[in-house]
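Working notes for the structure below.
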Amino acid sequence: MDIEEHTYLRPELPRLIEQQVLDFGRIVWSDGFMPEDRYRDRMHEVSDDTTHFVRSAGSLLVSHVQVIPIELDGRDRPLVIGGVSSVMTYPPFRGEGHSSALLRRAAEHIEAKGLALGMLFCDPDTIPFYARLGWHRLEDRRVRVLEHPDDDDVVMVLGDDGLLPERISLEWSW
Ligand SMILES: CC(C)(COP(=O)(O)OP(=O)(O)OC[C@H]1O[C@@H](n2cnc3c(N)ncnc32)[C@H](O)[C@@H]1OP(=O)(O)O)[C@@H](O)C(=O)NCCC(=O)NCCS
């Protein structure tokens with residue numbers, strides 16, 4: 001079967017693909033579904049401009065990355081950044097460059113849409129994976145997420161973090 005690449009805005013994301021993103025997330029990031037969210041069967045709808053980069057074989061999901069436009073207070077002006085999340089490749093397709101290719105598409109999108117920078121949350125284990133694609137780590141404790149302040153996720157940025165204030169408070173992380 002051929003693996004094809006597609007870009008979807010949130011309202012156009014095929015339901016079967018959305019379901020497979022959720023299925024993966026419920027297993028790999030189960031914290032995000034516990035306890036009150038464990039029946040969640042739709043992805044969060046933050047913005048209709050959320051853009052999904054998908055590699056799929058027919059209706060079978062291979063790899064996925066999304067970019068959510070998020071408004072933040074910048075150092076000296078309001079910013080809209082690209083919140084990157086749900087970076088995943090289903091195990092049989094790993095190591096074939098799918099995520100890297102979709103993350104490059106996401107970076108092009110962030111630039112083309114004039115988003116101030118890209119930002120994502122990840123495990124310390126995946127820092128080298130993102131670093132080889134140009135992302136860099138923000139200092140620990142520069143970002144505080146109010147909904148779970150003790151979380152030890154690393155925050156990584158693509159672009160000029162000088163646009164961001166010294167301390168960034170977010171209601172939620174993505
Ligand atoms: C991380 C993940 C998205 C990579 O997907 P992928 O399509 O296999 O990635 P690619 O093929 O584009 O890149 C693979 C490269 O990344 C490296 N890599 C993969 N996972 C890595 C990790 N956790 N840490 C460091 N490097 C990693 C591989 O060694 C490989 O390097 P190479 O090209 O030098 O051989 C995939 O392993 C996955 O879905 N993991 C579980 C979910 C996850 O952790 N997502 C990231 C959330 S922040």
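Each reported figure results from applying straightforward, stated rules to the coordinates on display, with no laboratory input. Quantities reported herein were computed from a predicted structural model and do not represent experimental measurements. Glycine also receives a Cβ, built like all others from the backbone with ideal geometry; neighbour counts cover every protein chain displayed.
Residues M43, M34: which one is on the phi < 0 side of the Ramachandran plot and in contact with an Asp or Glu (Cβ under 7 Å, 6 or more places away or on another chain)? Break it down into steps so the answer makes sense when it comes.
On the way: M34 fails: in contact with an Asp or Glu (Cβ under 7 Å, 6 or more places away or on another chain).
Among M43, M34, only M43 is on the phi < 0 side of the Ramachandran plot and in contact with an Asp or Glu (Cβ under 7 Å, 6 or more places away or on another chain).
Among residues belonging to segment 96-115 that are outside any helix (DSSP H, G or I), more than 16 Å from the ligand (Cβ to nearest atom) and not hydrophobic (A, V, I, L, M, F, W, C), point out the one that is nearest to L163 (Cα to Cα).
G114
Return a yes/no flag: does segment 28-35 have any residue that is surrounded by fewer than 20 Cβ atoms within 10 Å (Cβ to Cβ), among the small types (G, A, S) and within 15 Å of the ligand (Cβ to nearest atom). Before the answer, list the steps.
Taking segment 28-35 and keeping what is surrounded by fewer than 20 Cβ atoms within 10 Å (Cβ to Cβ), we get 28-35.
Filter once more, keeping what is among the small types (G, A, S): 30, 32.
Pick out the ones that are also within 15 Å of the ligand (Cβ to nearest atom) and you get 30, 32.
Taking every residue of segment 28-35 in turn, at least one turns out to be surrounded by fewer than 20 Cβ atoms within 10 Å (Cβ to Cβ), among the small types (G, A, S) and within 15 Å of the ligand (Cβ to nearest atom).
Residues of segment 108-125 being surrounded by 15 or more Cβ atoms within 10 Å (Cβ to Cβ) and either free of Cβ contacts under 8 Å to residues at least 12 places away in the same chain or over 21 Å from I168 (Cβ atoms) (or both), which ones?
Taking segment 108-125 first, the residues surrounded by 15 or more Cβ atoms within 10 Å (Cβ to Cβ) are 109-110, 115-122.
Listed by number, the list holds a single entry, H109.
Of the residues V62, V80, only one is part of a strand (DSSP E or B), within 16 Å of the ligand (Cβ to nearest atom) and not charged (D, E, K, R); which?
Values: V80 fails: within 16 Å of the ligand (Cβ to nearest atom).
Going through V62, V80 in turn, just one is part of a strand (DSSP E or B), within 16 Å of the ligand (Cβ to nearest atom) and not charged (D, E, K, R): V62.
Kindly provide the set of residues from segment 111-135 that are aliphatic (A, V, I, L, M) and under 13 Å from the mean Cα position of the chain (by Cα), ordered by number. First the steps, then the outcome.
Narrowing segment 111-135 to residues aliphatic (A, V, I, L, M): 112, 115-117, 119-120, 127, 131, 133.
Within segment 111-135, L117, M119, L120 meet the criteria.
Would you mind telling me which numbered condition in (1) surrounded by 14 or more Cβ atoms within 10 Å (Cβ to Cβ); (2) closer than 17 Å to D49 by Cβ; (3) away from the ligand (no atom under 13 Å from the Cβ); (4) not β-branched (V, I, T) L138 fails?
Against the list (1) surrounded by 14 or more Cβ atoms within 10 Å (Cβ to Cβ); (2) closer than 17 Å to D49 by Cβ; (3) away from the ligand (no atom under 13 Å from the Cβ); (4) not β-branched (V, I, T), L138 comes up short only on (2).
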